[in-house]
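Enquirer: Below is a structure I'd like to ask you about.
The values are calculated or read from the model by the stated rules, or taken from the named source; none is laboratory data. What you see is a predicted model; the values in this text were computed from it and never measured. Methodologically, a virtual Cβ is constructed for each residue, glycine included, from the backbone with ideal geometry; neighbour enumeration extends over all protein chains shown. For the accessible areas, the whole protein counts, side chains as well, though only heavy atoms, and no ligand, DNA or RNA atoms are used. Shrake-Rupley method; radii C 1.70, N 1.55, O 1.52, S 1.80 Å.
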There are 2 protein chains.
Amino acid sequence: MSAPQWVRDLKPSGPQGSELLEAERAKSAINISTLSTFLFTNEGLARKRRVLKILQSEKVFDKSQNYFAGRIDRFETALARAKRLRQIAVRHGWSNEDRMAANDLISEPGPYGLHESMFLITLRDQGTPEQHEKFLKMAEKYKYIGCYAQTELGHGSNVRGLETTATWNPDDKTFIIHSPHLTASKWWIGSLGRTANHAVVMAQLIINGKSYGPHPFVVQIRDLQSHEPLENIYIGDIGPKFGYNTMDNGYLLFNHVKVPHISMLAKFSSVDLKTNQYKRPASASLIYGTLTWVRSTIVMQSGGVLARGVTIATRYAAVRRQFQDRDAQEWERGENQVLNYTTVQIRLLPLLATTFALHFTGKAMMALYAANQKKMSQDAGKVGGPQRGAGPEETHSGSDLLADLHATSCGLKSLASYTAVEGLEVCRRACGGHGYSSFSGIGSWYADYLPTATWEGDNYMLTQQVARYLLKAARGVLKGSREPSNDTEFILTNFLSRQDTGAAFDILGNDADLVAAFAWRSAFLTFEALKHRDEQKKAWNDLLVDFYRLSRAHSQYMVVKNFYETLQSTSNELDVETLAVMHKLFRLYALHTLESEASEFYTSAAVTVRQIQLARTTAVMKLLAEIRPHAVRLVDAWDFPDWQLDSSLGRYDGKVYEDMFYRASELNPLNRVTVDPYPDSGVLFKRNDAGSVKPKL
Amino acid sequence: MSAPQWVRDLKPSGPQGSELLEAERAKSAINISTLSTFLFTNEGLARKRRVLKILQSEKVFDKSQNYFAGRIDRFETALARAKRLRQIAVRHGWSNEDRMAANDLISEPGPYGLHESMFLITLRDQGTPEQHEKFLKMAEKYKYIGCYAQTELGHGSNVRGLETTATWNPDDKTFIIHSPHLTASKWWIGSLGRTANHAVVMAQLIINGKSYGPHPFVVQIRDLQSHEPLENIYIGDIGPKFGYNTMDNGYLLFNHVKVPHISMLAKFSSVDLKTNQYKRPASASLIYGTLTWVRSTIVMQSGGVLARGVTIATRYAAVRRQFQDRDAQEWERGENQVLNYTTVQIRLLPLLATTFALHFTGKAMMALYAANQKKMSQDAGKVGGPQRGAGPEETHSGSDLLADLHATSCGLKSLASYTAVEGLEVCRRACGGHGYSSFSGIGSWYADYLPTATWEGDNYMLTQQVARYLLKAARGVLKGSREPSNDTEFILTNFLSRQDTGAAFDILGNDADLVAAFAWRSAFLTFEALKHRDEQKKAWNDLLVDFYRLSRAHSQYMVVKNFYETLQSTSNELDVETLAVMHKLFRLYALHTLESEASEFYTSAAVTVRQIQLARTTAVMKLLAEIRPHAVRLVDAWDFPDWQLDSSLGRYDGKVYEDMFYRASELNPLNRVTVDPYPDSGVLFKRNDAGSVKPKL
């Protein structure tokens, strides 16, 4: 199906994409390699190169048919890739980091996804040594392949409302796992639909007629040889989704299925074999901590997730030319690069700034978490653990900081995943018509990322936790019984003490003041919400919208603060030129956010109307112009290999149109079909050589 | 693959979806049938029922495999449907309205899409009688099946920049159609990829070395028998897209292809056969008018497009229950309907209000357009056409109103399609995890609708036209030479005269004042922009962001005004109860928009900070509570048959979970595959009975 010679001879008109990107890279003196190292470390960059080389050498990872294949072919290929990846990992002795780097590069969810994350983690963290021996060992050898079955058809966020039951039978010392209603069906469970032979099932533990809430049970669900479902178990794939179609999300129903005592993961709580009594969990703080860790990871990843879209859209905006500049001089012939239009800059450059803001924030959260874990284990080493109520020192205990970190991570997870989701779609649209083509590489990436806004806590539900924490902190500060023990208490105290004299922040001239304006607004909204709840006794439900806004405001403050502090503390790792641009990105992120949320900043009297007007009409526009020449180098620093982006529009070499054309004309199986177009003919395809569109393995 | 008996016996737990929706419908006294008639007329509703019955009786229109099939199967089915629809239309003697009703119900783009719209319209409107005889007749018989080839790989919005050439050869009186570069390839052309055998090709007309800009040429591109591309023509499908995959958007390249003189559509301009001279177009106002008409249609449709998502999300939010209300009384057992949460209401109910706002605005625009067309043709009937410069009467001439209507339609098209796109995604997410399933019916609908934001004028580019018009009007008003001739001039004049005394609108107590506040903000931003351009001499490019905001502000004013006026003028068509709720929806739309755009309202001094705070914390929250009981009946009034929605979540009878489960377990072909999950086994599928997933025809 090769094109005729006259087609193959055609080139894009005007300056070539490669020339335009070369010119862009020549405009800026940003040191890409230094900046990449600052973002990812040398070790991380070297790992990526090493893993990429291996993946590119294996036919099964070839991506050229990804955008064409239908659901079943894509799933089959994803399964083949998962198997091969496991073989490679064994052969090369890959670390967990190596495996994650490979997943990043492959960039599609796979059928082992939940086995390699939640299934193994849960067995490890919540199993006893005996259970490790029985389940974990087999799982680590991929004899048992598992999933994590929590969500039900009728129950998402509300874990306490799960309907699946595990009823203890004291006579034969077993549990009966049962699905009493259709809505009890496990649903959305990754790796369950076709792949897993085991599941960790979250079910209501019932002993002697009394319910003890959801607990984890390890249940075999498919035969190890035939891979058919076991008796009284009904399993399947839940069908196609907006994205994530390489994953077999599944459903699962139990009809009074008996499992032995050892099936209940018993590290924290268990049923005593002799007394048939429930044993209370030792401590929930470990799980509490894990969730905080997972959310911090989502925050950090959100920067990179968004950066893929920004990279593609920015490079394409430098290659794509449309219209002449209305005010252009005679000698500026030809069409203008789209990246020169302020309507494009105002969409892309604040998002470019956001990628760094989110990355630094996630990194800082993870560092804080690690430091705190270390501190807590030191505290725990002392006799009796951390002292409570023992004066000011107590206020800096690990558990206090963890509460702050936990609440912060909820709000930031919500803000960061929302920002990445929205931002990717802005990037896609900023590519104009071609953004709609699968070859843009943004659509499928966006669609696969979308569920992040729902899982690990729905983005709306989570904000209640932030509000609850801030209200509690505000009540404490109002009592004024002790010194502020963390940053949240500090900004609330500061607001109270300066409330009457007013703010007067120099947001346009002073970076620290810009951060302070965000803190001020967050504190203002906290005390407003407190007044509504505690004084005016408003219903919790009537305040959910306020709480959402409050969480968003506080999280934006955290991002601005972390961006600022990263630049303050690491100035020696970057050269002067790069650091200067990073400072501009910081200001762009902060001022653009501030003017987008202007009304809360007015209302709290953090800034004046005049300041906002100046931010909007002058400061932001000036920053756009200053950052513009560095845009391509800044996205280059994110260091995405072309193989990872899989995008015609985002190619490093700018050969956008050649690549679009090649994929459409040479790779597209629909072009191997000839139709009969006439309405009165019953023939649809006169010729159909399309064949299967799964990648050749 | 039928489920075992114990699975088939299962029911959802708690109150059933059907009971919950019945209870919702009992809560409100809104007369659904009256409201539906008000929206669509009795004739429109009857047509829908009649057409639906025919479609449901034909196997080829069965939708049950739509969400499962891959690209090639979906295209094949779409082709079969297009053919069958044409046969039915002939047999039943369908009108154009009947055909459009059928397309709405089928709800997927089809391979005849561009033939039946742009190809036929262009031949009709721009062809001479001779060309009608040669091309249109054959096209109406579906012997010629066509498309409209304007956009190129390197050129979207900028029609003047098209690269394809049509060079006049005076020797043999032919045109040579040629693609000089790869970027000249026609691209995105609907119905071209596999279906069309003719195209209207927009190409730069070149006579004697001089270019006369883009003109339309009818070109045969495929053989009428074999359907293979003709010599020196390279055609194909451009590959998969984010949506619209039932359509064969195509590419097209020409290598010096010769076409006769009659190929250039010559109603407005032509090449004189004898003199070889170019004949100038008679008037461009007809095309100008058509675009205005198309954009008004998009505005009106956007209400219905969004209403599909709102219908699905609202019904599901009444069926879905999560968590107990924190402040719930003892006796309120069980989980709370999601629709009772204010975080859900604040997302869905303003969108519900928006559906009506957009529908009424589009309807008003189309009525205005029709009235104006009538007036213009009357004016044209007078000797010498409309008088110019003849005093105040002149200011109400049709062409003046058309200029206003044209500019307004640009801004409204941008706002309305943007609002529908964003709103659909909000609806999808408001459905929680299940919104991500294809069975929600929102994802694919959203993905198919997305391009509307780009075509018929990119939503960003269009806003420049609005700004240009408003600036011109403002300059006229400043000169003060005549009375305001249309609403835009009126609000600008009014602003100027009251600017110093201030606004003081009673937005919370008076509906007319609420509309006036929107007018005030629009006028304020217009004069601001004028100052930047004319006094401060800012570059056009530096003002694009301001222009975008201005267009948005002016368009929101138009929507608020049209919603208000519709309720004022048609109060006798609705019963008192329904009209009262419609007024609340008007206020919700206006106040929610106002507080979302708060900073522009402050800055213009249209409202005070205190008013906004009251709008946000009190008025909007109160309206949500008041509208909440009517939500399900209001979406019912949009009158979408289940067959059209094709959504588990949006079912009229509330059987959400039963339908989700049925589709996943019974219709899903992936469940007819058994995998070998072990990494060391080379077998992927042990059994594969999935077969083809195209609907059985």
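Enquirer: With the requirement that a residue be open to solvent by less than 10 Å² (accessible area, probe 1.4 Å) and touching a Phe, Trp or Tyr at 6+ places or on another chain (Cβ under 6 Å), what does the range B:208-235 give you?
Expert: Result: B:Val218, single match.
Enquirer: For the range A:36-49, how many residues are of a type in the set (D, E, K, R) and either touching a Lys or Arg at 6+ places or on another chain (Cβ under 8 Å) or surrounded by 14 or more Cβ atoms within 10 Å (Cβ to Cβ) (or both)?
Expert: 2
Enquirer: Give the number of residues within the range B:71-84 that are open to solvent by less than 20 Å² (accessible area, probe 1.4 Å) and either more than 23 Å from B:Glu140 (Cβ to Cβ) or of a type in the set (A, V, I, L, M) (or both).
Expert: Total satisfying the criteria: 6.
Enquirer: Now for a different question. Hey, among the residues in the range A:1-29 that are in a helix (DSSP H, G or I) and within 19 Å of A:Arg663 (Cα to Cα), which one's most open to solvent (accessible area, probe 1.4 Å)?
Expert: A:Arg8
Enquirer: Take the conditions at pLDDT below 95, surrounded by 17 or more Cβ atoms within 10 Å (Cβ to Cβ) and either part of a loop (DSSP other than H, G, I, E, B) or not hydroxyl-bearing (Ser, Thr, Tyr) (or both) and apply them to B:Met247. Does it pass?
Expert: no
Enquirer: Let me ask something else about it. Taking only the range B:483-529 into account, find how many residues are among the charged types (D, E, K, R) and exposed (fewer than 15 other Cβ atoms within 10 Å of the Cβ).
Expert: Here the count works out to 4.
Enquirer: Identify, please: which residue in the range A:543-579 is surrounded by fewer than 19 Cβ atoms within 10 Å (Cβ to Cβ) and over 18 Å from A:His359 (Cα atoms) and is, among those, modelled with the lowest pLDDT?
Expert: Looking at the filtered set, the residue picked out is A:Asn572.
Enquirer: With the range B:480-582 as the region, which helices (runs of 4 or more DSSP H) entirely inside it contain at least 3 residues that are touching a His at 6+ places or on another chain (Cβ under 7 Å) and touching a residue at least 60 places away in the same chain (Cβ under 8 Å)?
Expert: Those helices (runs of 4 or more DSSP H) do not exist here; none qualify.
Enquirer: Next question, about the same structure. Output the residues belonging to the range B:647-675 that are in a loop (DSSP other than H, G, I, E, B) and open to solvent by 20 Å² or more (accessible area, probe 1.4 Å).
Expert: Residues satisfying the conditions are B:Arg651, B:Tyr652, B:Asp653, B:Lys655.
Enquirer: Related question: Only one of these conditions is not met by B:Arg222: (1) within 14 Å of chain A (Cβ to nearest Cβ); (2) without any contact (Cβ under 8 Å) to a residue 24 or more places away in the chain; (3) not hydroxyl-bearing (Ser, Thr, Tyr). Which number is it?
Expert: Failed condition: (2).
Enquirer: Just wondering, is there one or more residues in the range A:261-268 that are in a loop (DSSP other than H, G, I, E, B) and buried (at least 24 other Cβ atoms within 10 Å of the Cβ)?
Expert: no
Enquirer: I'm told A:Asn510 meets every condition in (1) closer than 19 Å to A:Ala615 by Cα; (2) under 28 Å from the mean Cα position of the chain (by Cα); (3) not small (Gly, Ala, Ser) except one. Can you identify the failing condition by its number?
Expert: Single failed check for A:Asn510: (2).
Enquirer: Let me ask another. Filter the range A:269-304 down to residues that are outside any loop (DSSP other than H, G, I, E, B) and at pLDDT 85 or above, then give me how many there are.
Expert: 14
Enquirer: While we're here: Given the condition in contact (Cβ under 8 Å) with a residue 60 or more places away in the chain and away from every other protein chain (no Cβ under 14 Å), answer yes or no: does some residue in the range A:446-463 qualify?
Expert: Looking through the range A:446-463, none of the residues is in contact (Cβ under 8 Å) with a residue 60 or more places away in the chain and away from every other protein chain (no Cβ under 14 Å).
The rows are residues; the columns are (1) assigned by TED's automatic domain parsing to the domain that holds A:Arg347; (2) surrounded by fewer than 21 Cβ atoms within 10 Å (Cβ to Cβ); (3) in contact with a Ser or Thr (Cβ under 8 Å, 6 or more places away or on another chain).
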site: A:Gly411; (1), (2), (3): yes, no, yes
site: A:Ser417; (1), (2), (3): yes, no, yes
site: A:Ala430; (1), (2), (3): yes, no, no
site: A:Ser437; (1), (2), (3): yes, no, yes
site: A:Trp445; (1), (2), (3): yes, no, yes
site: A:Asp458; (1), (2), (3): yes, yes, yes
site: A:Thr463; (1), (2), (3): yes, no, yes
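Enquirer: Working carefully through the options A:Val635, A:Val683, find the one that is among the β-branched types (Val, Ile, Thr), open to solvent by 20 Å² or more (accessible area, probe 1.4 Å) and modelled with pLDDT of 90 or more.
Expert: Selected residue: A:Val683, the only one of A:Val635, A:Val683 that is among the β-branched types (Val, Ile, Thr), open to solvent by 20 Å² or more (accessible area, probe 1.4 Å) and modelled with pLDDT of 90 or more.
Enquirer: If a residue must be touching a Phe, Trp or Tyr at 6+ places or on another chain (Cβ under 7 Å) and under 20 Å from B:His630 (Cα atoms), how many such residues does the range B:18-55 contain?
Expert: Residues meeting the conditions: 0.
Enquirer: B:Asp272 - would you say it is open to solvent by less than 50 Å² (accessible area, probe 1.4 Å), acidic (Asp, Glu) and within 14 Å of chain A (Cβ to nearest Cβ)?
Expert: no
Enquirer: Mind checking which residues of the range A:202-249 are under 21 Å from A:Thr122 (Cα atoms) and within 25 Å of the chain's Cα centre (by Cα)?
Expert: A:Met202, A:Met247, A:Asp248, A:Asn249
Enquirer: Moving on to the next point. Would you be able to tell me the number of residues in the range A:602-620 that are at the interface with chain B (Cβ under 9 Å from one of its Cβ atoms) and not β-branched (Val, Ile, Thr)?
Expert: Selection size over the range A:602-620: 3.
Enquirer: Tally up the residues in the range B:681-693 that are free of Cβ contacts under 8 Å to residues at least 12 places away in the same chain and more than 7 Å from chain A (Cβ to nearest Cβ), please.
Expert: 3
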